[in-house]
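Below is one structure, written out as structure tokens, with a few remarks after it.
The values are calculated or read from the model by the stated rules, or taken from the named source; none is laboratory data. Remember, predicted model here, so these are calculated numbers, not experimental data. When we count neighbours, we look across all protein chains shown, and the Cβ atoms used for this are built from the backbone with ideal geometry, even at glycine. These accessible areas exclude ligands, DNA and RNA; they are computed on the full protein's heavy atoms, side chains included. Shrake-Rupley method; radii C 1.70, N 1.55, O 1.52, S 1.80 Å.
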Amino acid sequence: MMKRNQLVLGHKSLADVTNDIVGPTETIPGKGWAALMLSANTLFLAYIITIAIVISTGIGLLGVNHPVGWGTMIVTFVFWIGIGHAGTLISAILFLFRQKWRTSVARTAEAMTVFAVMTAGIFPLIHTGRPWLDYWLFPYPNQRGPLWTNFRSPLLWDVFAVSTYATVSMVFWYIGMVPDFATIRDRATNKVRKIAYGALSLGWRGRAKDWSHYEMLYLLLAGLSTPLVLSVHTIVSFDFAVSNLPGWHTTIFPPYFVAGAIFSGFGMVVTLMTLVRMGFPVFKDYITIDHMEVMNKIIMATGLMVGYAYASEFFIAWYSGNMYERFAFINRATGPYWWAYWIMVSCNVLSPQIFWVKRFRRSIPVMFVVSIFVNIGMWFERFVITVTSLHRDFLPANWGQYQWSVFDTMILCGSFGMFLTLFLLYLRLFPAVSIAEIKPVLNVGQEGGGH
């Protein structure tokens, strides 16, 4: 029987695992972490200031105009929702399929999901132009008489889908950390730390009854999260697919958006895991090259699926016989925004093909660069879908360009500042790898330790 690769390197003892994983939360972080945190905080501060200016002055500061009424806000919203897909996929679906390789990367991927959805949630609120009236989205008895929320609007479906996804993902992520919070609590020498982690650990004592309830709840949440992976980005795709606009109203969007979300999500996981390995070298024994290689294979597979969807769109436009539909897609590839279309194709379809070669699939510099390209390409995919379908209307008199402004740039870059600030705080305060899940797989792949 073929021997499996080791899931944990370095012949760790149980005590080593606890010390390695809890260590970063107990020590002062290094200069690398501090430099990254300072950069992220600067971007985040600029983001808050930019949003304040846009809200107080009006969204005319952004590039939105006639006919391009949807711009950076919706493009970046869909991008961040997509980033959040890999975490739930790694944690919930691979947990249900009993894939042991997920144990080292699941916790950080879940954190990425939560922070990406939190980042995404801001954009539709600002996109409305009057965020102080966003409470109108919720149906409740009010002074407006018969005026109620329009449940036929896919933008409202987003509110329910994304808030459900965010809630379940947060609970799933938090419940998984409860045993590890108890470990930090028991090791704490500082009274404040003991109280804080004691509250987070919910009175965990590690009894058989605790583990029984924990495993049952974790399994239920994994089962609940699994359909959400498919439903959330399907509903986000309905923002476009249920319209009558050429380039948007297509039945391929739901599976195409889900595949693209998993693709971009795994790209971000590889980017972050590479940075975690660099910033905290102790995690190299837990987040191994084998873990990274498996994720690169998923990036390659979903990249091919996305490429197939791009080709299918042209076929559907031709086969439909609709001259407006055909024009919309030819215009994407050859019109004023041809550069955005070909950046998307180059980054999403061509760059992951390098992973057919095992040496590149296992190379940290190569996978880091490709993962960056993947996320650049996926942002441009959302830009192409949104802007190129709007900028040329049925009447040439209505044609116009998206007027990209410095405020668009600041909001796009600032969203990364918010995401990275939350992620770096997580690495500092929470155990980045699950102690409770690593210990049972310590001997997998070692001599006599399982096949």
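Phi angles across region 196-201 convert, under the Karplus curve 6.51 cos²θ - 1.76 cosθ + 1.60 with θ = phi - 60°, into 3J(HN,Hα) values of 5, 6, x, 5, 5, 7 Hz, Gly and Pro given as x.
For region 1-160, report the translational diffusion coefficient in µm²/s to the nearest whole number, using Stokes-Einstein at 25 °C, 0.890 mPa s, and a Kirkwood Rh over Cα pairs. Intermediate values should be presented prior to the final figure.
Details: Rh = 20.2 Å.
Roughly 122 µm²/s, to the nearest whole number.
Taking amide H atoms as placed 1.01 Å from N in the peptide plane, the amide H of Trp204 has no partner under 5 Å among residues 5 or more positions away or on other chains. Average accessible surface for the chain: 45 Å² per residue, computed with a 1.4 Å probe over protein heavy atoms with every protein chain in place. Computed per residue of the chain from DSSP H runs no shorter than four, each worth -39500 (n - 2.57), the mean residue ellipticity at 222 nm is -22000 deg cm²/dmol.
Amide H contacts for Ser434 (H built 1.01 Å from N in the peptide plane; partners 5 or more residues away or on another chain; cut-off under 5 Å): Arg107.
Shown in residue order for region 79-91 are the 3J(HN,Hα) couplings computed by the Karplus curve 6.51 cos²θ - 1.76 cosθ + 1.60 at θ = phi - 60°: 4, 6, 4, x, 4, x, 7, 5, x, 5, 4, 4, 6 Hz (x for Gly and Pro). Qualifying chymotrypsin sites (Phe, Trp or Tyr not before Pro) in region 38-138, where qualification requires a DSSP coil assignment and no more than 16 other C-beta atoms within 10 Å, comprise Phe97. Here the chain exposes an accessible surface that is 70 percent carbon and sulfur, computed with a 1.4 Å probe and the other protein chains kept in place.
Shown for region 165-216 is the translational diffusion coefficient from the Stokes-Einstein equation, using the Kirkwood radius over Cα pairs, a temperature of 25 °C and a viscosity of 0.890 mPa s: 211 µm²/s.
For the residue pairs Lys12/Lys100; Lys297/Lys439; Lys100/Lys297; Lys191/Lys439; Lys191/Lys284, the alpha carbons lie more than 23 Å apart in Lys297/Lys439; Lys191/Lys439; Lys191/Lys284. Extending 7 Å from Cα along the Cβ direction at Trp342 and again at Ile364 yields two label points whose distance is 3.6 nm. Working note: Karplus 6.51/-1.76/1.60 with θ = phi - 60° gives region 44-56 the couplings 5, 5, 4, 4, 4, 5, 4, 4, 4, 5, 5, 5, 6 Hz, where Gly and Pro are set to x. Please work out how much length the chain gains when fully extended from Thr57 to Lys209, using 0.36 nm per residue of separation minus the C-alpha to C-alpha distance, in nm with one decimal. Length gained between Thr57 and Lys209: 49.1 nm.
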